[in-house]
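Trainee: First, the structure itself, so that you have it in front of you.
The values are calculated or read from the model by the stated rules, or taken from the named source; none is laboratory data. Quick caveat, the model's predicted, so the values are computed rather than measured. Neighbour counts run over all protein chains shown; Cβ positions are idealised from the backbone, glycine included. Only protein heavy atoms, including side chains, enter the accessible area calculation; ligands, DNA and RNA are left aside. Shrake-Rupley method; radii C 1.70, N 1.55, O 1.52, S 1.80 Å.
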Amino acid sequence: MLLQPKLNVKVSQRQVLTPGLVQMVSVLALNKLELKEMINTEMVENPVLEEIEETAVSLEERSGEEGDRERSAEEVVAESERTEKDPFDEIDFGSYFQDYLDPGYKTGSNFEEFDKPSFENFLSAPSTLSDHLAWQLGSLTLTPVVRAAADLVVGNLNEDGYLTASDEELVEALAELSRAGRQGPIPFERGMKGKASLVLAEPKPGNGEAHGGPLDMAAAAEEDSEHKELLAAVVEARSVVNFLDPVGVGARTLQECLLTQICAQRGEAAIVLRRRQMVSATNGAGAETTSGASDCGDVPAENGKGDIFAVATHIVTNCLPLLQKKDMRELTKSCGRSADEVHVAVEFIRTLDPRPGQRYNVSETRLIEPDVAFVKRDDEYVVVMNEEDMPALRLNQSYRRMLQQKQTEKEVKEYVKERYKSAIQLLRNIEQRKNTIVRTCEAIVRRQQEFLEHGVNALKPMMIKEVAEEIGVHPSTVSRAVANKYVHTSQGVFELRFFFSEAVNGPEGGDLPLVLLKRKVKKLIEEEDERKPLTDDQLAAELQRQGIQVTRRTVAKYREDMQIPSTHQRRVR
């Protein structure tokens, strides 16, 4: 049977979001700071919108004032002529003192007034990890290929300072740069002006041997040689980056990062020890200088305590799981050293930085400005929107009159009409956002009266679905209304989502919010004996004694949500 094309007509209904609905959904999810930024952007793009200034007056008031104060030009001129000028005001005292009390030189203040640099030039930008490493690479003497490989290593570091690209990926990227270098300079090379471009050996012209002949064999050998050369450059570049400040960047694993820092500190300790021995020998103390060693050379034992760096290296290389569990007994047995030496080595490892890149990737402080406030007035809490510093919008009347004028071009009228529709839709969406947030917060206030009076311990469980049914909207609308928004209460500033929490079986047959259950679990763990930490079964039993019906799996789940280690990891041996 052959398939034949057919045309079918059917009637169906589907929900389509118009641009106005899309804007309403997005506006509802914005907090105060984001909404203020959006309004400022809209005022720039839409000339119909304008901000109402605090000192602005209405058109009727302004027209009345202009009618009362209207004067003819002749009256103004006559009044100005009747006003007598005081000759004392005509004296330029500034030039008088500058000309007759000159100390002997000209300050050139007029010139400096115009050529003063802007204060914006003095604002310092925070230094990133890439900038800090690039500045250090610029002070080193490296070959062009190693410098290019080092730039690739720096460009592939994550926020913690770890290298995310493999050596093969770096070699491929370096090979592409080398091929681009034959045609022109490297586009991204920084601080390499005046240096040779990254150009590897050019392929030698052949004499036209057949495919698979000596020419192909020579090309394959040359390609293999080039690959080895680039791989060696990548390995050298990684080694250079590893020992830049902060030490340990460019590592791929935590073990490699810690070993690099141990190696660097061992080298510094060896240098200090050699200098002490040289000073002692110079002063006739009879000490002999040690022979030269590498940066990661062994450090002689001092005061019979042995080489702490060797113990730390052994622990990081072979015993990281034991270190995470704080199992000092097994660590001591594995290292074959005394308990004191292992303890000192562990304390030294704790001084190392497992995330060396974070010190140069500090996130900026997030500004929080409450969108609403729960204020108590006459023994009743009311919801007050925080509209301070929010632009008050209105429609520009000049463009409305432009629509009424017959001489206005058709294209101009169409543009103004479109801008008017957009402005009116935005004003409606802002008002709708305000109404939705107020209704949602009023429902929260009605359900959380005891919290507002007595604090967090009096918080009641509350679901988004329940509030949505109470105010007659979809749960997703309530979710957007409380997203990224904060409220100022008598108990402090809280995120609106804080009030929505699941319920668990609490004491006396009541429901307990999930957030309070987590706080109780955390408090029990904080008050436990570090040598005998509580297990999940013991935590569940203690909560059940308090009337909270939970299981061990529930306690373990909430403990992991709060990123609290297990019993074995918390135990101090």
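Trainee: When the residues of the stretch 492-505 are narrowed to those that are out of contact with any strand residue (DSSP E or B) (no Cβ under 7 Å at 6 or more places or on another chain) and closer than 18 Å to ALA443 by Cβ, which ends up modelled with the lowest pLDDT?
Mentor: That would be GLU502.
Trainee: Next question. I'd like the full set of residues that are open to solvent by less than 50 Å² (accessible area, probe 1.4 Å) and in a loop (DSSP other than H, G, I, E, B), limited to the stretch 553-571.
Mentor: ILE564, SER566
Trainee: Let me ask you something else. What number goes with the only condition from (1) closer than 19 Å to GLU34 by Cβ; (2) open to solvent by less than 10 Å² (accessible area, probe 1.4 Å); (3) in contact with a Ser or Thr (Cβ under 7 Å, 6 or more places away or on another chain) that THR477 does not pass?
Mentor: Against the list (1) closer than 19 Å to GLU34 by Cβ; (2) open to solvent by less than 10 Å² (accessible area, probe 1.4 Å); (3) in contact with a Ser or Thr (Cβ under 7 Å, 6 or more places away or on another chain), THR477 comes up short only on (2).
Trainee: Follow-up. When both residues are 6+ apart or on different chains and their Cβ atoms are under 8 Å apart, which pairs have a first residue that lies in the stretch 161-179 and is closer than 10 Å to ALA149 by Cβ, and a second that is among the aromatic types (Phe, Trp, Tyr)?
Mentor: Taking only residues 6 or more apart or on different chains, not a single pair turns up.
Trainee: Could you say which residue among LEU459, LEU427 is open to solvent by less than 70 Å² (accessible area, probe 1.4 Å), under 19 Å from PRO513 (Cα atoms) and hydrophobic (A, V, I, L, M, F, W, C)?
Mentor: Of the residues listed, the single one that is open to solvent by less than 70 Å² (accessible area, probe 1.4 Å), under 19 Å from PRO513 (Cα atoms) and hydrophobic (A, V, I, L, M, F, W, C) is LEU459.
Trainee: Further, regarding this structure: Look through the stretch 142-175, keep the residues that are over 23 Å from the mean Cα position of the chain (by Cα) and part of a loop (DSSP other than H, G, I, E, B), and return whichever of them is surrounded by the most Cβ atoms within 10 Å (Cβ to Cβ).
Mentor: LEU142
Trainee: Across the stretch 269-281, what is the total count of residues that are among the charged types (D, E, K, R) and touching a residue at least 24 places away in the same chain (Cβ under 8 Å)?
Mentor: Selection size over the stretch 269-281: 0.
Trainee: I'd like the full set of residues that are outside any helix (DSSP H, G or I), in contact (Cβ under 8 Å) with a residue 12 or more places away in the chain and either touching a strand residue (DSSP E or B) at 6+ places or on another chain (Cβ under 6 Å) or more than 17 Å from SER490 (Cβ to Cβ) (or both), limited to the stretch 442-472.
Mentor: Correct list: LEU459, PRO461, MET462, MET463.
Trainee: Suppose the filter is more than 20 Å from PRO391 (Cα to Cα), part of a helix (DSSP H, G or I) and either in contact with a strand residue (DSSP E or B) (Cβ under 9 Å, 6 or more places away or on another chain) or charged (D, E, K, R) (or both); does ARG439 pass it?
Mentor: yes
Trainee: Return the residue satisfying two criteria in turn: it lies in the stretch 124-139 and is of a type outside the set (Ser, Thr, Tyr) and open to solvent by 60 Å² or more (accessible area, probe 1.4 Å), and of such residues it is farthest from PHE243 (Cα to Cα).
Mentor: The extreme case among them is ALA125.
Trainee: Exactly one of (1) surrounded by fewer than 16 Cβ atoms within 10 Å (Cβ to Cβ); (2) in contact (Cβ under 8 Å) with a residue 40 or more places away in the chain is unmet by SER334. Its number?
Mentor: (2) is the only condition that SER334 fails.
Trainee: On the given criteria, is SER422 under 30 Å from GLU50 (Cα atoms), surrounded by 14 or more Cβ atoms within 10 Å (Cβ to Cβ) and in contact (Cβ under 8 Å) with a residue 12 or more places away in the chain?
Mentor: Against the criterion (under 30 Å from GLU50 (Cα atoms), surrounded by 14 or more Cβ atoms within 10 Å (Cβ to Cβ) and in contact (Cβ under 8 Å) with a residue 12 or more places away in the chain), SER422 qualifies.
Trainee: Between VAL372, VAL382, which is surrounded by 17 or more Cβ atoms within 10 Å (Cβ to Cβ) and among the β-branched types (Val, Ile, Thr)? Walk me through it before giving the result.
Mentor: Values: VAL382 fails: surrounded by 17 or more Cβ atoms within 10 Å (Cβ to Cβ).
Result of the check over VAL372, VAL382: VAL372.
Trainee: In this structure, is VAL550 assigned to a loop (DSSP other than H, G, I, E, B) and either more than 27 Å from LEU322 (Cβ to Cβ) or modelled with pLDDT of 85 or more (or both)?
Mentor: Against the criterion (assigned to a loop (DSSP other than H, G, I, E, B) and either more than 27 Å from LEU322 (Cβ to Cβ) or modelled with pLDDT of 85 or more (or both)), VAL550 qualifies.
Trainee: From GLY191, GLY212, GLY206, grab the single residue that is modelled with pLDDT under 90, in contact with a Leu (Cβ under 6 Å, 6 or more places away or on another chain) and outside any helix (DSSP H, G or I).
Mentor: Among GLY191, GLY212, GLY206, only GLY206 is modelled with pLDDT under 90, in contact with a Leu (Cβ under 6 Å, 6 or more places away or on another chain) and outside any helix (DSSP H, G or I).
Trainee: Okay, next question. Any residue at all in the stretch 308-325 that's assigned to a loop (DSSP other than H, G, I, E, B), open to solvent by 70 Å² or more (accessible area, probe 1.4 Å) and at pLDDT below 85?
Mentor: no
Trainee: May I ask you to say which residue of GLU229, GLU268, GLU223 is of a type outside the set (Lys, Arg), open to solvent by 50 Å² or more (accessible area, probe 1.4 Å), farther than 30 Å from LEU320 by Cα and at pLDDT 85 or above?
Mentor: On the way: GLU268 fails: farther than 30 Å from LEU320 by Cα; GLU223 fails: at pLDDT 85 or above.
Result: GLU229 is the single residue among GLU229, GLU268, GLU223 that is of a type outside the set (Lys, Arg), open to solvent by 50 Å² or more (accessible area, probe 1.4 Å), farther than 30 Å from LEU320 by Cα and at pLDDT 85 or above.
Trainee: Report, by residue number, each residue of the stretch 430-440 that is open to solvent by 60 Å² or more (accessible area, probe 1.4 Å) and under 11 Å from VAL27 (Cβ atoms).
Mentor: Of everything in the stretch 430-440, those that are open to solvent by 60 Å² or more (accessible area, probe 1.4 Å) and under 11 Å from VAL27 (Cβ atoms) turn out to be GLU431, GLN432, LYS434.
Trainee: Could you check VAL299 against (1) at pLDDT below 90; (2) assigned to a helix (DSSP H, G or I); (3) β-branched (Val, Ile, Thr); (4) open to solvent by less than 50 Å² (accessible area, probe 1.4 Å) and say which number it fails?
Mentor: Of the numbered conditions (1) at pLDDT below 90; (2) assigned to a helix (DSSP H, G or I); (3) β-branched (Val, Ile, Thr); (4) open to solvent by less than 50 Å² (accessible area, probe 1.4 Å), the odd one out for VAL299 is (2).
Trainee: Can you give me the number of residues within the stretch 529-545 that are modelled with pLDDT under 85 and part of a loop (DSSP other than H, G, I, E, B)?
Mentor: Residues that pass the stated criteria total 2.
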